[in-house]
Amino acid sequence: MESGLSKPSGSNVSHMTVPELSQEQQDSPIRQLTPGDARALRIPWDSRHSVDEIERIADREPRLSIWNARTGEFLIGGFWRHRSEIATMHQLAATGGAIDLVQHFASHCAARGIRMIVASEQAERRKHQFYESAGLSPVEDIIVYEMSRIRAKPHVAGNLRFVPVASLDAVTLDELLEIDHEAFPWLWWNSKDEFVEYSGAPGVGIHVGRDHEDRVMAYVGITRYRSWGHLDRIAVRPDAQGTGLGRAALDYAVMTLAGSGARRVGLSTQARNTRSRRLYEAYGFRRSPSHDYRIFGRHLTGEPELHREG
């Protein structure tokens, strides 16, 4: 989950309507991956998924993974942030047939009504020419920051009262979704299922910031693992940005992590999100360029909505 405080604007993402599979594509050895096909795959030694995991993925999200029955090459797909309108490529294990697999994946997704496919370098890195050949264009450049040697100190609450979310009841979940969709561009919206899975992950904490009228004005999502902490998400209502609430939310998140034992904290944000980048740098976070990555994507149907107002 990328952190951020404001909506960037503009997009150069690919936009094309993907046709139904041609006769040539229909006659090809590329087909939907079923759980029973997993043991016929040519799985590389450094695969992100084991045979058993691939079987579970193919069973859980049918029709989102494909393979070449002749070569054993495969593409493991899934839903981006548990959203049925966006699909992502988790793993592409192919060499000579990689482009064909991506094209079939796009056609299969378009036939299902999926509106966009994305591929993140955070999962695996390929030459940028490959993505261009596959019809995918840069969507976002993600910048990674880190602060080392943090230590706990009193948090200045300011105009917000932060409280941890003990359980995601329907009311709290609706409040989180509302502010999430207001604060972030379309691509980065979380779904209900994403919030539910995220909240149950080890070391994760969600905290909401309420004003004096008890309205949720911000929320932060954080993860701690031993002495390492990560600021997964920071969202502030757009109409309250520029009033110091972003700084208060950031300080609360960092101090909460430090108080729980974290000694260094990392985060990431969109390169074009200049408001949040200025805030992080002013707070003391420093770039970690070796961990930066890019996201590529292609719109399959309809008009691009990467930066549509929520």
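The values are calculated or read from the model by the stated rules, or taken from the named source; none is laboratory data. Since the model is a prediction, treat every value here as computed from it, not as a measurement. Here Cβ is always computed from backbone atoms with ideal geometry, including for glycine, and neighbour counts include all displayed protein chains. Ligands, DNA and RNA are stripped out before the accessible areas are found, and what is left, the full protein with its side chains, is counted by its heavy atoms. Shrake-Rupley method; radii C 1.70, N 1.55, O 1.52, S 1.80 Å.
Distant-in-sequence amide contacts of D292, defined by a placed amide H-H separation under 5 Å and a gap of 5 or more residues or a different chain, comprise V144. Backbone phi angles across the stretch 192-208, fed through the Karplus curve with coefficients 6.51, -1.76 and 1.60 (θ = phi - 60°), yield HN-Hα couplings of 4, 5, 5, 4, 5, 5, 4, 5, x, 6, x, x, 8, x, 10, 10, 10 Hz in residue order; Gly and Pro are listed as x. Taking all protein chains as they are arranged and a probe of 1.4 Å, the heavy atoms of H181 leave approximately 50 Å² accessible to solvent.
Annotation: amide H-H contacts under 5 Å for V165 (H modelled 1.01 Å from N, sequence separation of 5 or more, or interchain): I206, H207, V208.
Under a Cβ-only charge scheme (Lys and Arg +1, Asp and Glu -1), can you give me the dipole magnitude of the stretch 113-161 about the Cα centre, in debye to the nearest 20? Computed about the Cα centre, the dipole is about 400 debye. Projecting the Cα atoms of P289, Q122, V208 onto the charge dipole of the chain (Cβ charges, centred on the Cα centre) puts P289 farthest toward the positive pole. Here the Karplus relation 6.51 cos²θ - 1.76 cosθ + 1.60, evaluated at θ = phi - 60°, turns the backbone of the stretch 81-95 into coupling constants of 6, 6, 10, 5, 8, 10, 10, 10, 9, 6, 8, 10, 9, 7, 10 Hz, with x for every Gly and Pro. Between H291, H212, H90, the Gaussian network model of the chain with springs among Cα atoms under 10 angstrom shows the greatest mean-square fluctuation at H212.
For E140, the residues whose modelled amide H falls within less than 5 Å of its own, excluding neighbours fewer than 5 places apart on the same chain, are I295. In this structure M255 has an accessible area near 20 Å², from a 1.4 Å probe over the protein heavy atoms.
So which trypsin sites (Lys or Arg not before Pro) in the stretch 129-208 end up in coil per DSSP with only 10 or fewer other C-beta atoms within 10 Å?
Numbers: sites: R149, R151, R161, K192; in loops: R149, R151.
When the trypsin sites (Lys or Arg not before Pro) of the stretch 129-208 are filtered for loop state and at most 10 Cβ neighbours within 10 Å, R149, R151 remain.
Think of it as helices only: each DSSP H run of n ≥ 4 in the chain is worth -39500 (n - 2.57), and spread over all residues that comes to -7500 deg cm²/dmol at 222 nm.
The chymotrypsin sites (Phe, Trp or Tyr not before Pro) of the stretch 25-103 that meet both conditions, a loop assignment by DSSP and at most 11 other Cβ atoms within 10 Å of the site Cβ, are W45.
Computed over the chain with a Gaussian network model linking Cα atoms closer than 10 Å, the most mobile of D292, D52, D180 is D52.
Which value, in debye to the nearest 20, gives the size of the charge dipole of the chain about its Cα centre, when Lys and Arg are +1 and Asp and Glu are -1 at the Cβ? Walk me through the intermediate numbers first.
Numbers: 39 positive and 40 negative charges, 265 e Å.
Roughly 1280 debye for the chain.
Computed over the stretch 27-104, the range of Cα coordinates on each principal axis works out to 31, 26, 22 Å, biggest value leading. Solvent exposure of D193, expressed as accessible area, is near 90 Å², computed with a probe of 1.4 Å over the protein chains only.
Across the options G266, G36, A94, the greatest Cα extent toward the positive end of the charge dipole of the chain (unit charges at beta carbon of Lys, Arg, Asp, Glu) belongs to G266.
Simple rule: put +1 on each Lys or Arg Cβ and -1 on each Asp or Glu Cβ in the chain, find the dipole, and look at A240, A110, I179; the Cα lying farthest toward the positive end is A240.
Taken as Cα centroids, the stretch 150-194 and the stretch 74-90 sit 24 Å apart, rounded to the nearest whole angstrom. In order along the stretch 166-174, the Karplus-derived 3J(HN,Hα) couplings, from 6.51 cos²θ - 1.76 cosθ + 1.60 at θ = phi - 60°, round to 6, 8, 8, 6, 4, 5, 5, 4, 5 Hz, and Gly and Pro are given as x.
Taking the Kirkwood radius as the inverse of the mean 1/r across Cα pairs, report the Rg/Rh of the chain. Before the final figure, lay out the partial values.
On the way: Rg = 20.7 Å, Rh = 20.7 Å.
That ratio equals 1.00.
Taking the chain as a Gaussian network, Cα atoms linked when under 10 Å apart, which of Y283, Y145, Y198 shows the biggest mean-square fluctuation? Of the options given, Y283 has the highest mean-square fluctuation.
I need the calculated FRET efficiency for the pair T301 and R264, taking r as the beta carbon distance and R₀ as 35 Å, to the nearest 0.05.
Numbers: r = 43 Å, r/R0 = 1.23.
My answer for the efficiency is 0.20.
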